[in-house]
Amino acid sequence: MDLFEPGSGSQVHDYNGGILTSGLFWTLPVADHQLRFSRDGRHAALDVDRLGVFDSFTFGGPAGTPATVSLHLRWSATGPTVDRGKGEDVPATDPAAFLGRFPVARSTAAIEGTEFGFSFRTNGDASTEGGFAEVGRERNGTFLARGNP
């Protein structure tokens, strides 16, 4: 999660879980109960309190200050579901080697973060009104192994 200076647009914070040796970044695991989907897959909620991250202040900056973030997000589909990806019809190395179902959605978020000497939080719920969000499920990589349902 990045924070930018309102006047200049300069980045001043980059909250992240670090960069794994695989190159994966901005991704941290959460417990199953923290991410929930409705039975029809058209609504989702993520509730995470005090997730440990680092503030490296700029994207790709050195490991910085330990921090925590809390995220409370909601997605509600607003359009039809669209199938994406080609699954096993293409080589596993092809970028389209995934299967997913995604409707356009509206999203709201209440976010806060804390580190030594600094904290922030959204002023109420921020939303994607006038922007873009989608909600859905996908499977990719090793989960597309032949013979899996």
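The values are calculated or read from the model by the stated rules, or taken from the named source; none is laboratory data. Note that this is a predicted model, so its numbers are computed, not measured. Cβ placement follows ideal geometry from the backbone for every residue including glycine, while neighbour counts extend to all protein chains displayed. The area values use the complete protein model at the heavy-atom level, side chains included, leaving out ligands, DNA and RNA. Shrake-Rupley method; radii C 1.70, N 1.55, O 1.52, S 1.80 Å.
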Checklist outcome for this item: Quick calc, Val30 & Lys86: beta-carbon distance into FRET formula, R0 41 Å, rounding 0.05, result 0.90
Next on the checklist: In Å and on Cα atoms, what radius of gyration and Dmax does the chain show?
Outcome noted: 17.7, 54
Checklist entry - With each pseudo-label sitting 7 Å past Cα toward Cβ, what's the Phe116-Ala45 distance in nm, one decimal? => result 3.6
Item to check | Whether region 25-104 is rounded, prolate or oblate, judged on the alpha carbon gyration tensor where a/c under 1.5 counts as rounded | outcome: oblate
Checklist outcome for this item: So the FRET efficiency between Glu138 and Glu5, C-beta based with R0 = 25 Å and rounded to 0.05, is 0.10
Checklist entry - Each residue of region 117-130 in order: what ³J(HN,Hα) in whole Hz does its phi give by Karplus 6.51 cos²θ - 1.76 cosθ + 1.60, θ = phi - 60°, with x for Gly and Pro? => result x, 8, 8, 8, 6, 5, 8, x, 8, 7, 9, 8, 3, x
Checklist entry - Which of the peptides 16-23, 44-51, 77-84 is most tightly packed, and how do the rest follow, judged by the mean count of other Cβ atoms within 10 Å per residue? => result 44-51, 77-84, 16-23
Checklist entry - Taking Cα pairs under 8 Å and at least six residues apart, what relative contact order does region 1-138 come out at, in percent? => result 19
Item to check | Rounded if a/c under 1.5, otherwise prolate or oblate - region 73-136, Cα gyration tensor axes | outcome: oblate
Checklist outcome for this item: Carbon plus sulfur, as percent of the 1.4 Å-probe accessible area of region 1-127, comes to 57
